[in-house]
Amino acid sequence: MSKRSEIKSWLTDMDGVLVHEGHALPGAAELIKQWQDSETPFLVLTNNSIYTPRDLSARLRSIGLDVPEERIWTSALATANFLKSQKPDGTAFVLGEAGMTTALHDIGYVMTDQNPDYVVLGETRNFNFDSLTRAIRLINNGARFIATNPDATGPSAEGVLPATGSVAALITKATGKEPYIVGKPNPMMFRSAMRKIGAHSESTGMIGDRMDTDVVAGIEAGLHTVLVLTGIADQAEIEKYPFRPNEILNSVADLVEKF
C-alpha cells in the first residue's frame, strides 16, 4: 500500500466523513478547499441513489461544503455505468428516485414495465405494493435483478429507515433471485470512480467511516484506506473485523495540511 505522501488522488465517503445529520464535520470544508487549491483529483462517493449529483452539490453548498456536481459519484451513477457496459441502450424497470432514473436516462436507457432487460432497485421512500409486485413478476419472467447498494437501513432524525438492502431481501425472498449489487462494498464502484478522474489504485486514497463497506472495498480495490471515527466505526467495531485500514484518524481534520 502507498504511504499517504504518495497519494495523488482521493475518494471519500460523504455521510459520516464530510457530513453528519445535516452538518459539515470538522475539517471537511478545509480538506475540500485544500484539494481544490492543489488541483488534486477527488470524488465524493455515496451509496445513496435518491439524489442527482446536482441535488447533492446544492445540499452540500448549503452547509458550507463547496463540492461541484462533477466531483460527486453516486451508486446510481456507478450502476448506470455498469449497465451501459453490460447492455448499451437497454431497458429497465426502476424502483427508485430521480437520482437513479436520471442516471439511466443519461446513458440512453428506456424505462418500461414491459419485458425490461433489468429490474433496478435503488433507494426509495415511495415504492408501493403494486410496483413491488410488478418488479417480482418481471424478475420471475427473466429480467435481471440489480441493486444499487446493500445497506439494510438508513439514518433519520427519528431513527433508522428500511433501505435498499431490506427491500432487496423482500424481493429475493419472493423470487429466489439475489441482486447484483454495484455500490459499496463492491470495489467496482471505486474502480469506476477512479476511471472518471483518471486515477490509479497505487496512488489513490479512500476515506470512509465504515469497516464493512468503505474499508473492505478500498482494500479489495488496492487503495490506501483511511478510517475516520466521525461516523459508524469505533474501536469496538474495528475489532470485529480481521482486516485493518492503513490509517485510523479522529476526523478528516487530521488530513488537512498545516502551513
How about the range 137-153: which of its residues are in a helix (DSSP H, G or I) and either more than 22 Å from Phe82 (Cβ to Cβ) or not aliphatic (A, V, I, L, M) (or both)?
Arg137, Asn140
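Let's see how each residue does on (1) of a type in the set (S, T, N, Q); (2) outside any strand (DSSP E or B); (3) at pLDDT 95 or above:
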residue	(1), (2), (3)
Leu31	no, yes, yes
Thr40	yes, yes, yes
Glu70	no, yes, yes
Phe93	no, no, yes
Asn115	yes, yes, yes
Taking only pairs six or more apart or across chains, which ones have beta-carbon atoms under 9 Å, a first residue in the range 172-201 that is in a loop (DSSP other than H, G, I, E, B) and surrounded by fewer than 16 Cβ atoms within 10 Å (Cβ to Cβ), and a second residue that is at pLDDT 95 or above and among the hydroxyl-bearing types (Ser, Thr, Tyr)?
Glu178/Thr172; Gly198/Ser9; His200/Ser9
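Give the number of residues within the range 230-251 that are charged (D, E, K, R), within 23 Å of Val19 (Cβ to Cβ) and without any contact (Cβ under 8 Å) to a residue 40 or more places away in the chain. Write out each step before concluding.
Looking only at the range 230-251, we keep the residues that are charged (D, E, K, R), and these are 234, 237, 239-240, 244, 247.
Next, from what is left, pick out any that are within 23 Å of Val19 (Cβ to Cβ): 234, 237, 247.
Then keep just the ones that are without any contact (Cβ under 8 Å) to a residue 40 or more places away in the chain; that gives 234, 237.
Total meeting the criteria: 2.
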Please work out which residue is modelled with the lowest pLDDT, limiting yourself to the range 1-22 and to residues that are at positive phi and of a type in the set (Gly, Ala, Ser).
Gly22
Go through Val182, Val256 for me and flag whichever is under 27 Å from Glu97 (Cα atoms) and either at pLDDT below 95 or of a type in the set (Val, Ile, Thr) (or both).
Val182
Which numbered condition Gly159 misses (of (1) in contact (Cβ under 8 Å) with a residue 12 or more places away in the chain; (2) more than 20 Å from Ala78 (Cα to Cα)):
(1)
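The values are calculated or read from the model by the stated rules, or taken from the named source; none is laboratory data. Computed from a predicted model, the values in this text were never measured in an experiment. Neighbour counts are summed over all protein chains in view; Cβ atoms, including those assigned to glycine, are modelled from backbone coordinates with ideal geometry.
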